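Note sheet for the following structure.
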Amino acid sequence: MYFRSAVVTLLALAVPASAFMGNTAFSRTSVSVKSSVETPVPDASLQGQTDRLVNYKPGEADTDFARKFKHLAGAKVKTVGEAFAEFSKDLGLTINPLYKNMVTDIVGTTHLIVVSARFQRDPIWSLGMISALDLLLKNYPEPEYYGKIVSSLFKCCGLDEAEVRAEAKTIMDWSEGKTKAEIEAALKGEGDSPVATVTKTIKAEKYWMYSRYFGIGLIKLMEQSGMEMDKDEVYPVIDNWMTEKLDRSSLTACNDSDMYFKIKNKLDMMETMMKEIEIREKKRMAERLEGKAEQALRAADREELMQAEISAEAKATRDRVNAAP
């Protein structure tokens, strides 16, 4: 599906505007008189499509999209492999096997988001990214490595960690104590809050791009408002906020919401299981220590009894010696 849509997009961009404009050497009158001179129809054959693809020049299509991003044509963009190689080099550590696939996915997903021509970072997106990293990596087996992994991720994706965290904190500070109604008013663009500023930017940008971290940022705003954080409760709210408040499609955001809670439930279950294992291990350790203590007490009692018997035997011997004539 993605390949077919990409080909369709390339074909649309490849056809120059002049192909649909007719022969400019003829006047409007001559065209109307001589019906044989008509606007040429693009060759729909495979050869015609191939020729247009071969002659395609990035940013030269006669569309608003091509004109807006024409300055990015030919720009050097790192591949996912190059981004991950940079991440690994900066990290300098071996990722725990249990987290390797997860970290690889985070690096690849984040890189593909930020290199998109349509990507625009905003405080809600930043809040979502920080929240997602905290959720996924909070139980990393080596806690001291958490900060290093996150810093390397930001660096390989060309993001300033301090700025992203500051933006996330701005939204968190503003939303603290806010009701759902107050947050929804801001999402409509009312007032001058950080959320309202983001909304105005989104509505003013025709080619604004939604990404997963933005959706998680919205979920975090719901959590701040005191909503019940359940998949079935959040789904209709996400749908309403995206369509009614932001005037954008909600399909991907709703899907990301379901995925967020599915992953969160699994991680919560894993955390509970790890805590139970830890409690059982501590109980076993306590039982082992208790057993050792009992053995030590029994050994001490035996030693004391032996010393008493030795003392009694020595006293009896002395008494017999003293009683002899």
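Observations, loosely collected:
- Summing Lys and Arg as +1 and Asp and Glu as -1 over all other residues whose Cβ lies under 13 Å from the Cβ of S152 gives a net charge of 0.
- Amide hydrogen proximity for D62: with H placed 1.01 Å from N in the peptide plane, the residues at 5 or more positions away or on another chain lying under 5 Å are A17.
- What the phi angles of the stretch 306-311 give under the Karplus curve with 6.51, -1.76 and 1.60, with θ = phi - 60°, is a coupling list of 4, 4, 5, 5, 4, 5 Hz, glycine and proline written as x.
- Ratio Rg/Rh [Cα only; Rh per Kirkwood] for the stretch 63-150: 1.05
- Total formal charge among the other residues, if their Cβ is under 12 angstrom from that of K89, Lys/Arg +1 and Asp/Glu -1: -2
- Straightening the chain between A117 and L159 buys 13.6 nm, computed as 0.36 nm per residue apart minus the Cα-Cα spacing.
- Compactness ratio for the stretch 80-267: Cα radius of gyration over 2.2 N^0.38 Å (N = residue count) comes to 1.03.
- Highest average packing first - 132-140, 212-220, Cβ atoms within 10 Å: 212-220, 132-140
- Phi to ³J(HN,Hα) by Karplus 6.51 cos²θ - 1.76 cosθ + 1.60 over the stretch 210-224, Hz, x for Gly, Pro: 7, 9, 4, 5, 5, x, 5, x, 5, 4, 5, 5, 4, 4, 5
- K89 paired with L135, simple spin-label distance in nm, labels 7 Å along Cα-to-beta-carbon: 3.3 nm
- For L297, the shell of other residues with beta-carbons less than 13 Å away shows a net charge of -2, using +1 for Lys and Arg and -1 for Asp and Glu.
- Karplus-based coupling profile of the stretch 142-151, in residue order and whole Hz: 10, x, 5, 8, 4, x, 5, 4, 5, 4, with θ = phi - 60° in 6.51 cos²θ - 1.76 cosθ + 1.60 and x standing for Gly or Pro.
Each reported figure results from applying straightforward, stated rules to the coordinates on display, with no laboratory input. Values in this document were obtained by computation on a predicted structure and should not be read as measured data. Cβ: placed from backbone, ideal geometry, glycine included. Neighbour counts: every protein chain shown.
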